[in-house]
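What follows is one structure encoded as structure tokens, with my remarks underneath.
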Amino acid sequence: MATGNTSSVAEFILVGLTDQSELQIPFFILFLSFYVVTVVGNLGLITLIGLNSHLHIPMYFFLLNLSFIDLSYSTTLTPKMLVGFILRKNIISYEGCMTQFFFFCFFVFSESYILSAMAYDRYVAICKPLLYRVTMSPQVCSYLLSGVYGMGAFGAVAHMGNLQFITFCADNIINHYMCDIIPLLELSCNSSFINLLVVFVVVTIGIGVPIVTIFISYGFILSSILHISTKEGRSKAFSTCTSHIIVVSLFFGSGAFMYLKPPSSLPLDQGKVSSVFYTAVVPMFNPLIYSLRNKDVKIALKKTWSRKIFL
């Protein structure tokens with residue numbers, strides 16, 4: 001049954017979100033609805049930005065990539081979770097589990113850093129408006145995006161490397177609806193404090209560094225807003241940041257609650273609820289938040305809709 005040097009199991013069984021049979025169908029309908037809204041919302045936002053030239057500026061360049069990341073990591077996890085609500089035994093192969101975990105890490109780390117890049121963009125737009133076009137040139141935006149996906153690759157490779165040093169023995173039941181690092185470590189025969197320490201360090205880099213960057217950016221932004229003489233000017237400057245602040249709070253709040261804690265302080269069942277929030281709910285809300293609270297997106301939507309009706 002060995003599938004490699006680090007495991008004596010060929011497959012895992014995902015327990016899922018709940019073992020209460022009466023909740024399976026309602027949860028299936030609920031999360032299928034979440035996923036449909038996520039796909040339609042994020043694909044819609046990507047299409048809208050692509051079709052409207054006045055949205056081809058750094059702010060919406062990063063927003064397009066945020067939508068792509070949200071759509072990708074939701075697709076990495078949600079279909080398998082939906083299968084678990086229907087099948088009595090939700091089985092995933094060892095290779096499938098490792099693949100799901102790799103892409104989950106890649107997109108979650110990428111989302112952390114795309115949100116910090118968006119905070120930097122808002123900092124330049126508000127604090128250095130006369131230098132905005134120069135500072136946020138296409139070349140700079142490309143460098144920032146390369147850093148975003150580079151850190152995504154770093155997080156995925158670091159976590160996968162950590163798993164290469166543990167052995168999975170007879171027990172192959174994962175108390176989760178996805179392959180995640182904490183429940184996988186709980187199944188291992190030889191995981192140690194070092195493995196947990198690596199998890200904490202890698203997640204701190206993935207969450208802590210972007211959070212510090214965002215706090216510093218908004219510290220400068222707040223200082224600049226307070227120096228604006230008119231109330232209307234302060235309101236307009238702050239309104240350009242509110243959508244991003246809401247998205248940051250939802251994503252990092254739920255992620256930090258799940259990972260930046262002592263390993264034994266949060267039961268896995270509670271951890272599953274927290275992970276549902278940032279893997280299923282946040283990707284659904286992000287395009288809605290940016291669509292409903294963004295004047296430029298509303299105008300682009302009206303123009304695109306009018307163009308479609310005319311054609």
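The values are calculated or read from the model by the stated rules, or taken from the named source; none is laboratory data. This structure is a prediction, so every number in the text was calculated from the model and none was measured. Every residue, glycine as well, gets a Cβ built from its backbone with ideal geometry; the counts of neighbours run over all protein chains shown. Accessible surface areas use protein heavy atoms only, side chains included; no ligands, DNA or RNA. Shrake-Rupley method; radii C 1.70, N 1.55, O 1.52, S 1.80 Å.
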Pairs returned, first residue in the stretch 70-87 that is under 14 Å from PHE27 (Cβ atoms) and at pLDDT 90 or above, second residue that is surrounded by fewer than 22 Cβ atoms within 10 Å (Cβ to Cβ) and of a type in the set (Ser, Thr, Tyr), beta-carbon separation under 6 angstrom, 6 or more apart or interchain, are THR78/TYR35
Looking at the stretch 112-125, is at least one residue surrounded by fewer than 19 Cβ atoms within 10 Å (Cβ to Cβ), touching a helix residue (DSSP H, G or I) at 6+ places or on another chain (Cβ under 6 Å) and in a helix (DSSP H, G or I)?
-> no
Could you tell me whether any residue of the stretch 149-161 is within 27 Å of ILE13 (Cβ to Cβ) and open to solvent by 40 Å² or more (accessible area, probe 1.4 Å)?
-> yes
Could you tell me whether any residue of the stretch 1-19 is assigned to a helix (DSSP H, G or I) and either open to solvent by 20 Å² or more (accessible area, probe 1.4 Å) or aromatic (Phe, Trp, Tyr) (or both)?
-> no
Subset tally (residues that are over 14 Å from PHE62 (Cα atoms) and assigned to a helix (DSSP H, G or I)) for the stretch 126-151 = 11
Under 7 Å between Cβ atoms, at least 6 apart or on separate chains: pull out the pairs that start in the stretch 219-233 with a residue that is more than 17 Å from ILE245 (Cα to Cα) and end on any residue that is at pLDDT below 90 and in a helix (DSSP H, G or I).
-> ILE228/ARG234; ILE228/ALA237
Return yes when ILE92 is under 28 Å from LEU184 (Cβ atoms), out of contact with any Pro (no Cβ under 9 Å at 6 or more places or on another chain) and among the β-branched types (Val, Ile, Thr) and no when it is not.
-> yes
Scanning for something among the hydroxyl-bearing types (Ser, Thr, Tyr), at pLDDT below 85 and open to solvent by 40 Å² or more (accessible area, probe 1.4 Å), does the stretch 212-227 turn up at least one residue?
-> no
Would you pick out the residues in the stretch 85-109 that are touching a Leu at 6+ places or on another chain (Cβ under 7 Å) and open to solvent by 20 Å² or more (accessible area, probe 1.4 Å)?
-> none
Exclusive hit being in contact with a helix residue (DSSP H, G or I) (Cβ under 6 Å, 6 or more places away or on another chain), of a type in the set (Phe, Trp, Tyr) and part of a helix (DSSP H, G or I), set PHE154, PHE220 = PHE220
When ILE57 is run through (1) open to solvent by 20 Å² or more (accessible area, probe 1.4 Å); (2) under 20 Å from the mean Cα position of the chain (by Cα); (3) within 30 Å of THR304 (Cβ to Cβ), the failure sits at (2)
